[in-house]
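Input: a single structure, listed below in structure tokens.
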Amino acid sequence: MGLPVTMGPPVTATPTGPRIDLLLRGGTLVDGTGAAARPADLAVSDGRVTVLPPGAAVSAAETLDVTGRVVTPGFIDVHTHSDALAAPLGGGTHTDGDALDELRLAPLLQGVTTEIGGNCGSSLFPSLPERLPELAEHLRVSFGLGPVPPAEDFDAFAAGQRPELRRNHLASLVGHGTLRAGVMGFEDRPPRPEELAAMCELLDRALTQGAAGLSTGLIYPPGVYSDTEEIVALAKVAARHGKPYVTHLRDEMSQVEKALEEALEIAVRSGAPLQVSHHKTAGRYAWGATLRTLPRLEQARAEGVDVLCDVYPYTAGSTVLHAMLPPWTSEGGVAALLERLRSPEVRDRIREDIANGVDGWENTVGNGGWDLISVAAAPARRAAEGGRIADLAAERGADPVDYVCDLLLDSQGEVTIISHSMREDDVRRVLASPLSMIGSDGVPKPGRPHPRWAGSFARVLGHYGRREGLLPLELAVHKMTGLPAERFRLDGRGVLRDGAVADLVVLDPEAVLDGATFEQPLLPPVGVETVLVAGRVAVRDGRPTSARAGEVVRVR
Ligand SMILES: [Zn+2]
């Protein structure tokens, strides 16, 4: 597991050449580069691909007739929060195995063969050894899957992934929030010089071991406590490795343009490629702002900044409930947060801050309202899942802030929400931008998770691609394969050419469509028929096989 991916020798496509394990006959190849679809056969041998002319005179151990179907590279989900799904789960008291397995399956069933985790500042590593216990509490709340032991470095993280649970591949960024908490805890102050040096050293080690880049989540504690200077210093380390700085901006609502300027400044000063995560302009004060943010990104590119972004095809977001509260509530970590929320004075101050805003804080509720936020996962109050917070509070005759504080206390902080905050025209504009690739931002937890985890890729292909005509098939596939592979340096993946890793998808272009809804978020898509992971058939006729060929991908 975890060996660097290198291009294998091409398979000689003659009857006397090496054995062909699987032959895909009669299909149309959409190779991931964005080039026009063309007829081709594909041979898979020892986990590698050879592209053959249609009808090539070869024989194989197994032949699959894919006439009328499109063959694409396996999809790369550049933005997931699935890190803990196949990690050792410790106690995991409130999670049951079947629910977790359904969550693990969802990306594979829509053709995702590689996920990139560690996004929004939250990864399962790295940390100084003495900070590991406190960090474990933070990760329990961030990932919402019960106890998750953090790892000291990327190697330990990779070793902790359970191969018997990995159906697809996983790469990971270094989350700045984890890194910061792993060095200096949850303090709302700049790092001391020796703390910043320790963060740079842990980051450098993880990137050397194969982490894919650096991510921040600047609305979340402890990332929200950091200033631009701190991030520039860390992004310089990523730049030395030629790896991207990936950011959940400090604000995606009324101050989104200012937050974008900070990200661009960090990219310019550090020299790191910039990836703007799940680009959106949310909340009524920012609706329509993609008319300015996308041209701004294109202008920066023209000036030499290597900036790209990712996007999911929905007008609702999803995150942890405590991110709806002002940053000072989380200072000191999870235990301190929960202790504070008991106090009526604290609750009053939260109400005031939401009403008046706090400088430098995104304030989702102030930009929208509790009626636009529903509960996705609340292990201690399953009945609340799917309900809107304004309604749930009204049912109990409670003020929404009191309801939220009680819900967080009941659930020990582990509550996830869905926020209906975006406008359709903004989502379409980002999807259609030449700078965007697809990332689900999936938050896989039992309950009523956002449908993006199980639906994003099929929705882009079927709903926005075929039905709405927003993207031609070749371009939609490029945004899920070749473009992300290039951005995150996943060599040998993302483009189907001779010697590439045999991660691939066979789909029916006339049928492919997402099935997941807000009511039934894990309904599988239709039209995704076969998925190969590292040359093994992981999905056949739309159903999973017993194959467990996923590995931890190391980026060099
Ligand atoms: Zn995020």
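Computed from the coordinates by the stated procedures, all read-outs in this text should not be read as laboratory data. As the structure is a computational prediction, the values presented were derived from the model and not from experiment. FYI the Cβ positions are ideal-geometry reconstructions off the backbone, even for glycines, and counts take in every protein chain you see.
Conditions first: (1) out of contact with any strand residue (DSSP E or B) (no Cβ under 8 Å at 6 or more places or on another chain); (2) surrounded by fewer than 23 Cβ atoms within 10 Å (Cβ to Cβ); (3) within 18 Å of G360 (Cα to Cα). L264 passes all but one, so which condition is the exception?
With respect to (1) out of contact with any strand residue (DSSP E or B) (no Cβ under 8 Å at 6 or more places or on another chain); (2) surrounded by fewer than 23 Cβ atoms within 10 Å (Cβ to Cβ); (3) within 18 Å of G360 (Cα to Cα), L264 is out only on (1).
Give just the number: which of (1) surrounded by fewer than 24 Cβ atoms within 10 Å (Cβ to Cβ); (2) closer than 26 Å to A485 by Cα does V224 not satisfy?
It is condition (2) that V224 fails.
Looking only at the range 101-120, filter to residues that are among the hydrophobic types (A, V, I, L, M, F, W, C) and within 15 Å of the ligand (Cβ to nearest atom); which one of those is farthest from T80 (Cα to Cα)?
Out of the qualifying residues, it is C120.
Within the range 63-75, is there a residue that is surrounded by fewer than 17 Cβ atoms within 10 Å (Cβ to Cβ), more than 16 Å from the ligand (Cβ to nearest atom) and farther than 27 Å from V460 by Cα?
Scanning the range 63-75 turns up at least one residue that is surrounded by fewer than 17 Cβ atoms within 10 Å (Cβ to Cβ), more than 16 Å from the ligand (Cβ to nearest atom) and farther than 27 Å from V460 by Cα.
When residues of the range 344-361 are filtered for being under 9 Å from P326 (Cβ atoms) and among the aliphatic types (A, V, I, L, M), how many remain?
Counting residues in the range 344-361 that are under 9 Å from P326 (Cβ atoms) and among the aliphatic types (A, V, I, L, M) gives 3.
Identify all residues within the range 202-237 that are closer than 20 Å to D491 by Cβ, out of contact with any Ser or Thr (no Cβ under 7 Å at 6 or more places or on another chain) and either of a type in the set (D, E) or away from the ligand (no atom under 15 Å from the Cβ) (or both); write none if there are none.
Selection gives A206, L207, T208, Q209, G210.
If you take just the helices (runs of 4 or more DSSP H) that sit entirely in the range 312-385, which of them hold at least 2 residues that are within 30 Å of V460 (Cα to Cα)?
Because the criterion is at least 2 residues that are within 30 Å of V460 (Cα to Cα), the helices (runs of 4 or more DSSP H) in the range 312-385 that meet it are 364-367.
Kindly indicate which of H169, H138 is under 23 Å from C309 (Cβ atoms) and touching a residue at least 24 places away in the same chain (Cβ under 8 Å).
Within the list H169, H138, the selection yields H169.
Scan the range 423-480 for residues that are at positive phi and away from the ligand (no atom under 16 Å from the Cβ) and jot them down.
Result: G447, G469.
Could you name every one of the helices (runs of 4 or more DSSP H) located completely within the range 412-483 that has at least 2 residues being closer than 30 Å to A136 by Cα?
Output list reads 452-459.
In this structure, does T329 turn out to be among the β-branched types (V, I, T), surrounded by 15 or more Cβ atoms within 10 Å (Cβ to Cβ) and in contact (Cβ under 8 Å) with a residue 60 or more places away in the chain?
no
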